[in-house]
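See structure below.
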Amino acid sequence: MRFLWSDLLWLLLIVPVLVAAYVVALRRRKKMALRYPSLMLVRDAIGPGQWLRRHLPAALLLLAIVCALLGLARPSAVFTLPSEHQTIVLAMDVSRSMRATDMEPSRLGAAQEAAKAFIKELPSNIRVGIVAFAGTAAIVQTPTQNHEDLIAAVDRFQLQHGTATGSGLLMALSLLLPEAGIDLEAEVFDSRFSRRSGELPLEAARKSERKDFKPVPPGSYTNGAIVLLSDGRRTTGPDPLAAAKTAAERGVRVHTVGFGTKDGGPVDFGYQVIYMRFDEEALKAIAGITEGEYSYAGSAADLQKVYKNLTAKIALESRETELSALFGASAALFALAAAALSLLWFHRMR
């Protein structure tokens with residue numbers, strides 16, 4: 001628990017002052033009782049439960065004051081609660097290295113089965129979008145809650161040349177945040193290599209828009225996330241670390257999954273057989289930049305476990321919740337209880 005207005009906690013110093021004043025008042029009352037004894041005072045001083053009756057209303061009133069002072073300091077705590085409305089974008093590597101058979105029946109087959117199991121286990125209130133990337137990136141399925149459409153989209157994966165991890169990440173980010181103004185044409189299909197001289201007016205306007213953009217803390221976006229699965233090293237397209245920075249500036253977490261055996265698997269390209277390995281360091285860096293998590297899946301069973309863990313993390317999210325109202329309600333209840341007991345036992349407000 002933390003307090004947003006922690007300076008107000010100094011007001012708790014009032015509590016020992018009130019306790020001291022109460023003790024002084026009791027001593028004065030005791031002296032008055034000794035000076036002017038009566039049967040009523042003797043009756044109030046003896047008998048079972050009299051000590052509790054005398055001090056319980058005052059203790060409840062003191063608790064009410066403590067709760068009220070703590071509520072003024074705006075306490076907050078982090079709770080793990082079910083997600084309300086989230087969108088998850090799966091960015092799946094469909095480069096030709098997915099033909100490798102170091103995972104049964106192949107990397108592609110294992111990835112498809114794990115992705116379908118992941119989709120089936122997600123709560124119905126979570127939308128899922130799918131992006132496939134190889135040499136370029138493409139949207140396979142726009143975000144939907146229809147699990148049948150998502151599973152059909154996974155079954156439609158087609159292997160292609162190249163591995164443009166950065167393109168896949170940027171495409172997934174634009175699908176997750178369609179109103180964020182991410183310029184895919186400029187980022188994914190960079191025109192600087194073909195521009196001879198000068199700068200087009202449209203490009204100047206885009207730079208101006210980027211200047212007006214204000215980054216947010218990494219991981220602060222709670223309405224969605226990206227899950228990036230890759231089995232290969234980037235061979236083309238934009239830098240994936242720069243794409244990760246773009247996601248981090250918008251608060252989006254990217255959970256990455258390294259896929260395939262660390263020694264690599266053989267892929268027959270017809271003219272030669274190549275052992276394909278994935279870039280574990282880059283995937284770790286992407287997750288680190290965006291405050292996501294990196295997971296390694298060296299087998300089909302491992303991949304199933306990774307997706308199962310991701311399902312649990314996505315279905316439950318940690319949120320900071322202010323507790324001022326709770327402390328205020330507690331203060332009111334303690335004060336009402338003190339007043340009720342005082343009226344019941346002593347026929348007066350204490």
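None of the figures in this text is laboratory data; all of them are computed from the coordinates on show. Everything numeric here is computed off the predicted structure, so don't read it as measured data. Cβ sites come from the backbone with ideal geometry, for glycine too, and all protein chains shown count toward neighbours.
When you count, for each residue, the other Cβ atoms within 10 Å and take the mean per peptide, how do 57-64, 171-178 rank with the highest first?
171-178, 57-64
Net charge within 13 Å of E293 by Cβ-Cβ distance, Lys/Arg positive one each and Asp/Glu negative one each, not counting E293 itself?
Here the count lands on +2.
Over 18 Å between C-alpha atoms is what I'm after, so list which of K120/K308; K120/K313; K245/K308; K120/K305; K245/K313; K245/K284 land there.
As for pairs spanning more than 18 Å Cα to Cα, those are K245/K308; K245/K313.
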